[in-house]
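Below you'll find the structure, written out as structure tokens, and then a few comments.
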Amino acid sequence: MYLADQDESNGGTYPDAIAVYQNGEIQWREAKAEEDEEGTLRDQRQRAIQERITRDLQYQYLRVTPELIQKHWQFICNWRRATAFCSAVRHLNIQQYEDEVCAMVSARRTIALSEVVSEYSHAEHSVVVAAILKLSQQGRVLSDLDKLALGPRTVLEAQ
């Protein structure tokens, strides 16, 4: 999507990414090699155009910098690993596992991933982990994936 001032006298820009959240919110993202408030005149215009247009459209605007990525590095690493689990079951109906995990977490209020997985056969472990990750992604179960590495001690909490 090309963004520009109405008369295009200040040039135009493209957002680097557009994120659409499950709740319908939209966020336009601009990736930068470094956070430089001043930058070149072109960078200043680009940022001004993007901030103004996203504000007018009632979208969020996020400038993604190495500092921001470093701040969320554990979360990024965990979800890179989680993608493999979720991709492996994308053609399967795992609703039963999701429902069972939700019930288990609700009953215990707080439970470790290893405790949930131990309730299933070894052959089901990957599917159960995928169900846990999908529930976390959907916000139906809370986790500590933003702070600690995904593993047996990952903490799950009832919503």
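The values are calculated or read from the model by the stated rules, or taken from the named source; none is laboratory data. Quantities reported herein were computed from a predicted structural model and do not represent experimental measurements. Counting neighbours? That spans all protein chains shown, and the Cβs are built from the backbone with ideal geometry, glycine included. Protein only, heavy atoms only, side chains kept; ligands, DNA and RNA dropped before computing areas. Shrake-Rupley method; radii C 1.70, N 1.55, O 1.52, S 1.80 Å.
Taking the square roots of 5 times each eigenvalue of the Cα gyration tensor of the chain, largest first, gives ellipsoid semi-axes of 41, 16, 13 Å. Counting only complete DSSP H runs, which helices of the chain cover 15 Å or more along their long axis at the Cα atoms and score a mean Kyte-Doolittle of -1.0 or above? Going by DSSP H runs, the hits are 73-88, 95-108, 125-138. Ignoring lysines fewer than eight residues from LYS134 along the same chain, the ones with Cα atoms less than 21 angstrom from its Cα are LYS147. Taking 12 Å as the straight-line reach from the Cα of LYS32, the aspartates and glutamates in range (excluding those fewer than 8 positions away in the same chain) are ASP16, ASP43, GLU67. With loop membership from DSSP and a limit of 14 other Cβ atoms within 10 Å, the longest segment of the chain without chymotrypsin sites (Phe, Trp or Tyr not before Pro) is 22-159. Computed from label points 7 Å out along Cα-Cβ, the spacing between VAL20 and ALA107 is 3.8 nm. The modelled label-to-label distance for the pair LEU68/ARG80, using points 7 Å beyond Cα in the direction of Cβ, is 1.8 nm. Residue ranking by accessible heavy-atom surface, 1.4 Å probe, largest first, among GLU67, GLU124 comes out as GLU67, GLU124.
With the gyration tensor restricted to C-alpha atoms of segment 107-159, the semi-axes of the equivalent ellipsoid amount to 17, 12, 11 Å, longest first. When you count the other C-beta atoms within 10 angstrom of each residue and take the mean per peptide, 103-112, 127-136 line up highest first as 127-136, 103-112.
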